[in-house]
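The structure appears right after this line, and notes come after that.
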Amino acid sequence: MIRHHPKETLLKAFAGGELAASLSAAIAIHVDMCPLCQEKTAAITREQAMKSFGREALSADINSSGVDSCQQAETDYDDMIQVIVADEQIAPVPLRIPKKITLHGQEFTLPQAIANLQLGKFRHLGKLSRARLLLGEGPIHTSLLHLQPGGSVPEHTHKGYELTLLLAGEFHDEQGSYVPGDFMMLDGRHTHTPVSEQGCLCYTVVSDALHFTQGINKLLNPIAALIY
Amino acid sequence: MQVISGALQKNQEGIKPIAMPADFDNKTLTRFVIAIALKRDKQAFTSLFKFFAPKIKRVAATRFNNSEQVNEVLQETMAIVWRKAHLFNIDKGAVTTWVYTIMRNVSFDMLRKVQANKEDNLSDDIWPLAERNIGEGEIFADHLAKKHMLTCLEQLPQNQQMVVKGFYFLEMSQEQLARQLDLPLGTIKSRLRLALSKLKLQLGDDNDQASS
Ligand SMILES: [Zn+2]
């Protein structure tokens, strides 16, 4: 059973589209595997939609925008509507093609959230292999990490912090053992030495604390408060 | 975002809402989306557009600080509503939530374009708008997932297309369709039967060609 979940503040930022792609993908993968967080996220999304688009938001519009700017907007709207409805095509249901990778004879199907990401070359160090997912997020580094049976990650601390999401297999560290879907956020205060008896595949994101959100909303959300 | 909307709400305390030009409930909004999906109803789309436009712009303005980008979010969001209305699932939630998630996805992709200089449009992988694993085992539903299906569908008479789209894309019951299109149940049933036999013929022909 999954025991490690993203914090609710993180789920909120995820539902609002405020997190960087690396973290958004991680939470999407967890939510897909965790009925509990799935339900929470659905409720949060409904609530955000109500807050943004509901009745009280509407009366705020009218008072803040004023009559003149409303009329101004009406004419712009008509042009925009014309452009949109001129397109007679309807969008087909998109097809999902599962992306598979093979590592040391073991086949893995990648979760949809990361299936279309560019994957760098795997580099190997003993029983540990790591490949970058090329998201272009500067100081945020996202990777797939694979341990062969009996493999381990050398003891390390984190300068900023590190997210580990177990995709397949199992591993354990000083804190306990982990199952697929477990979502672990560690910061510089933690040290750990993950070991895998049967082998595992993880999605990891490593970064400096300041870089996890996108948009000007980050000014309103000190990131440390979001994660811990 | 919450900080901002919270502040706005506080300002509104005690102020009586002015008569709102178009305050639709979910039932009405749903009717509009269905009319777009089934009939490409431009009037229904115009009503939806005018209902959501000021709301979308207000939320977008908390993320983008130039009006060009705010307008881009609006246009792109509503264009998706127009093109994907048939993927809206009436059993899965309110129209408001659906439009909000589309806007959230559009904003996410735009921010990523601006900040990471990537045009990979990841939002649909992170928050899929439509269920893609359509009814396994059901041969017909399987075909639906294919682009090809839409091409065949387009060749049907308009009145049969509407019924098939409503039944398979919107997952409406035949009774719901009859009410929505204001037609007797018998007519819906016979149109669906007719449309399906034609589609099966077309899809079947193609399958034979492919295997020979
Ligand atoms: Zn969870």
With every protein chain left in place and a probe of 1.4 Å, what is the accessible surface of B:Lys92, to the nearest 10 Å²? 140
Radius 15 Å from Cβ of B:Thr187, net charge of other residues (Lys, Arg +1; Asp, Glu -1): +2
Mean other chain Cβ within 10 Å across B:106-116 is 5
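Ordering A:His104, A:His141 from largest to smallest accessible area (1.4 angstrom probe), what's the sequence?
Correct descending sequence by accessible area is A:His104, A:His141.
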For peptide A:17-29, what's the mean number of Cβ atoms from other chains within 10 Å of each residue's Cβ? 5
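For A:Val153, B:Val95, write out the residues from largest to smallest accessible area, computed with a 1.4 angstrom probe and no ligands counted.
Details: A:Val153 20, B:Val95 0 Å².
Solvent-accessible surface, decreasing: A:Val153, B:Val95.
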So what are the ³J(HN,Hα) numbers for region B:101-107, from phi and the Karplus equation (6.51, -1.76, 1.60; θ = phi - 60°), rounded to whole Hz, Gly and Pro as x? 5, 5, 5, 4, 5, 4, 4
Past 30 Å, Cα to Cα: identify those pairs from A:Lys40/A:Lys127; A:Lys100/B:Lys55; A:Lys40/B:Lys27; A:Lys12/B:Lys57, in the order given. A:Lys40/A:Lys127; A:Lys100/B:Lys55
Determine how large the accessible area of B:Thr151 is when every protein chain is in place; take a 1.4 Å probe and give Å² rounded to the nearest 10. 80
Expected field for B:Glu175, accessible surface area in Å² at 1.4 Å probe radius, rounded to 10, holds 90
Taking only Cα atoms of region B:22-126, what ratio of Rg to Rh do you get with Rh as the Kirkwood inverse-distance radius? 0.98
Expected output is a single nm value to one decimal: the length gained when fully extending between B:Leu194 and B:Arg40, i.e. 0.36 nm times separation in residues minus the C-alpha distance. What is it? 53.3 nm
Which is farthest toward the positive dipole end of region B:22-126 among B:Ile80, B:Val70, B:Ser47, measuring Cα position about the Cα centre, with Cβ charges +1 (Lys, Arg) and -1 (Asp, Glu)? B:Ser47
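Just tell me how shielded A:7-15 is by partners: mean number of partner chain Cβ atoms within 10 Å of each residue's Cβ, no decimals.
Working: counts 0, 0, 0, 0, 0, 2, 1, 2, 4.
So the per-residue partner count for this stretch is 1.
The values are calculated or read from the model by the stated rules, or taken from the named source; none is laboratory data. Source: prediction; values computed, not measured. Ideal geometry is used to build each Cβ from the backbone, glycine not excepted, and the neighbour counts take in all protein chains shown. Surface accessibility is based on the protein's heavy atoms, side chains included, excluding ligands, DNA and RNA. Shrake-Rupley method; radii C 1.70, N 1.55, O 1.52, S 1.80 Å.
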